[in-house]
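Comments concern the structure below.
Read the figures in this text as sums done on the coordinates, not as results from a lab. Worth saying up front: this structure is predicted, and the values here are computed from it rather than measured. Cβ sites come from the backbone with ideal geometry, for glycine too, and all protein chains shown count toward neighbours.
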Amino acid sequence: MKARISKFTRFLSHTHVPLMVYGAVAVAMLFIWLLRRFHEDFAFDLLAELIGVAFTVFIIDTLLVKSKTNRWRIVQENVDYLIARTINRLRDGVALRAFHFEPELTSDTTASNPEERLREQRAEFLHQLCGLDSESLAERLYDKELFSIDSYEYFKEKSEDLWGILNMKYSEYLEPDLVALLIDLHTRLKDVCGHIRHYRKAERFPGTSADHYLESGRRGATREFVHILRILDDLKTMGYSRPPDVLSEGCLSDKA
């Protein structure tokens with residue numbers, strides 16, 4: 001039942017016919033059903049006409065949407081891969097730059113698959129951070145690297161990468177929920193850059209003013225990372241986190 005509802009919801013999100021049209025057809029059918037008590041022949045004539053309209057609206061539109069989806073499937077898969085690769089790199093950058101993630105690679109893991117083990121540790125690390133409140137998360141910030149010029153350029157670059165994806169010609173084929181998450185993530189990465197700049201003002205204004213900029217910058221960055229970690233976790237759950245050059249057929253199936 002849930003699968004049918006989900007399928008119907010996806011159909012409504014892709015259809016080119018306004019939902020008001022579907023509602024109007026449904027109301028008209030109800031009206032005709034009530035009208036048959038008074039003018040049965042006239043009601044059946046109207047019903048026949050309405051069935052023709054419903055056939056055009058529902059069947060033809062469904063065929064057009066399905067045909068367009070099939071034709072652009074290869075484009076959709078590549079756009080999904082581009083998003084997944086970008087999110088994977090961002091997850092790595094957030095873990096390393098903002099929270100000083102240090103993987104444990106022993107000789108055993110090196111002998112098997114160190115890259116897979118590293119990604120598993122990173123996924124667990126970020127998931128744990130995602131469950132922390134603002135105060136606890138602030139204690140985990142790695143100030144030395146997070147508030148550096150290099151990190152500022154990094155997060156600025158990633159926010160621009162996301163904006164580039166959102167403004168692609170083919171972004172209209174993305175799910176609305178995915179677009180909303182990417183826009184939110186882009187905005188919060190830009191805000192992180194702003195808080196890094198604010199934090200670094202302490203170098204320009206030494207003395208009592210420095211503490212204000214340091215603390216204000218840390219609070220702002222912490223507030224944004226609370227949301228960024230949640231968004232990255234949601235995107236990973238949706239399958240959007242994959243290493244480069246690993247484009248498999250079918251649906252996304254990332255493990256980290």
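If R0 is taken as 30 Å, the Cβ-Cβ distance between ASN70 and TRP163 corresponds to a FRET efficiency of 0.55. How high is the FRET efficiency from ARG197 to ASP133, r the C-beta distance, R0 30 Å, rounded to 0.05? That gives a FRET efficiency of 0.70. Evaluated at q = 0.09, 0.10, 0.12, 0.19 Å⁻¹, a Debye calculation over the C-alpha positions of region 74-237 (equal weights, vacuum) places log10 I(q)/I(0) at -0.34, -0.41, -0.58, -1.20.
Each of the peptides 161-170, 234-243 was scored by the mean count of other Cβ atoms within 10 Å over its residues; in descending order, highest first, they stand as 234-243, 161-170.
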